[in-house]
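The values are calculated or read from the model by the stated rules, or taken from the named source; none is laboratory data. Note that this is a predicted model, so its numbers are computed, not measured. Cβ placement follows ideal geometry from the backbone for every residue including glycine, while neighbour counts extend to all protein chains displayed. We work out accessible area using only protein heavy atoms, side chains counted, and drop any ligands, DNA or RNA first. Shrake-Rupley method; radii C 1.70, N 1.55, O 1.52, S 1.80 Å.
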Amino acid sequence: MTPDLILSARKLCKHVPSLDGSSRQMIHILNGVELEIKSGETIAILGKSGSGKSTLLGLLAGLDLPTDGDVYFDNIRLNALDEDGRAELRLDKVGFVFQSFQLLPNLTALENVMLPLELKSDANAQAHARALLQRVELGNRLQHFPRQLSGGEQQRVAIARAFVARPAIVFADEPTGNLDTTTSAHIIELLFEVNREQQTTLVMVTHDENLASLCQRRLLLEDGIIREASP
């Protein structure tokens with residue numbers, strides 16, 4: 001990898017058995033994806049529903065392993081690591097924003113955001129989490145549980161959690177997919193503001209053309225391969 005590359009995929013394939021479980025009839029989700037991502041870039045991955053966008057995101061993050069090909073994260077070959085090794089790398093370098101928020105229901109907003117720092121034994125976890133929740137306009141919701149928060153508020157907690165450990169890269173999977181138009185616009189604004197402040201690499205999958213247009217690069221995943229999307 002060249003010095004400014006943070007992530008690359010080489011001939012990345014993902015095949016899974018058909019719904020009947022037959023290993024002879026495989027579903028080919030990704031067919032040799034080639035991708036390079038530079039440090040600090042913002043990238044939107046577009047594609048039809050079922051095209052494999054979330055599958056690709058999971059492989060790039062080391063949440064899943066490819067059938068064939070390689071993913072390199074900061075010169076580390078992810079598929080050469082065991083599950084614990086990939087989890088350690090994610091804890092140190094990766095943040096996530098999910099469409100369905102994925103907040104722990106029995107933890108408050110503050111505790112959800114503190115969690116990545118506590119796993120890293122950060123003595124200042126609470127102070128950092130408080131500061132970022134205030135940054136996303138939730139300073140008055142610190143002790144609320146997810147069930148007490150609106151969808152937009154839950155997604156702001158998720159954004160704070162993703163960025164609190166100042167990761168090298170944040171992956172976002174349809175971050176506005178469950179939100180109304182007005183709330184989505186506010187979430188998009190906050191997501192990009194925090195990302196600029198921390199100068200983090202941001203890779204997201206989305207159907208939202210407005211969201212995609214804010215990214216430096218737009219990529220289209222189609223027929224299992226990826227290419228630069230038309231403006």
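Given a 1.4 Å probe and every protein chain left where it sits, what share in percent of the accessible area of the range 1-153 is carbon and sulfur?
48
The angle separating the long axis of helix 83-93 from the principal Cα axis of greatest extent in the chain is about 50 degrees. Candidate cross-link partners of K120 among the lysines, defined by an alpha-carbon separation under 19 Å and a same-chain spacing of 8 or more, comprise K93.
What fraction of the DSSP beta bridges in the chain is antiparallel, stated in percent and rounded to the nearest 5? Don't jump to the answer; show the numbers that get you there.
Numbers: 21 of 39 bridges.
The answer is about 55 percent antiparallel.
Global dimensions of the range 135-224 from alpha-carbon coordinates: Rg and Dmax equal 13.6, 46 Å. Between V205, N79, I29, the Cα set farthest toward the positive side of the dipole of the chain (charges on each charged residue's Cβ, about the Cα centre) is that of V205. Of the trypsin sites (Lys or Arg not before Pro) found in the range 42-133, the ones in coil according to DSSP and having at most 14 other Cβ atoms within 10 Å of their Cβ are K48, K120.
Annotation: lysines with alpha-carbon distance below 17 angstrom to K53 (same-chain offsets under eight excluded): K11, K14. Pairs of C-alpha atoms in the range 24-148 farther apart than 21 Å represent 54 percent of all such pairs. Here the Karplus relation 6.51 cos²θ - 1.76 cosθ + 1.60, evaluated at θ = phi - 60°, turns the backbone of the range 194-203 into coupling constants of 5, 4, 5, 4, 9, 6, 8, 6, 10, 10 Hz, with x for every Gly and Pro. Seen against the Cα atoms of the chain and their longest principal axis, helix 125-135 is set at about 90 degrees.
To the nearest whole percent, what portion of all C-alpha pairs in the chain is separated by more than 32 angstrom? That fraction is 19 percent. Relative to the longest principal axis of the Cα atoms of the chain, the long axis of helix 151-163 lies at roughly 80 degrees.
Think of a 1.4 Å ball rolled over the protein heavy atoms: the range 91-173 then has 45 Å² of accessible area per residue.
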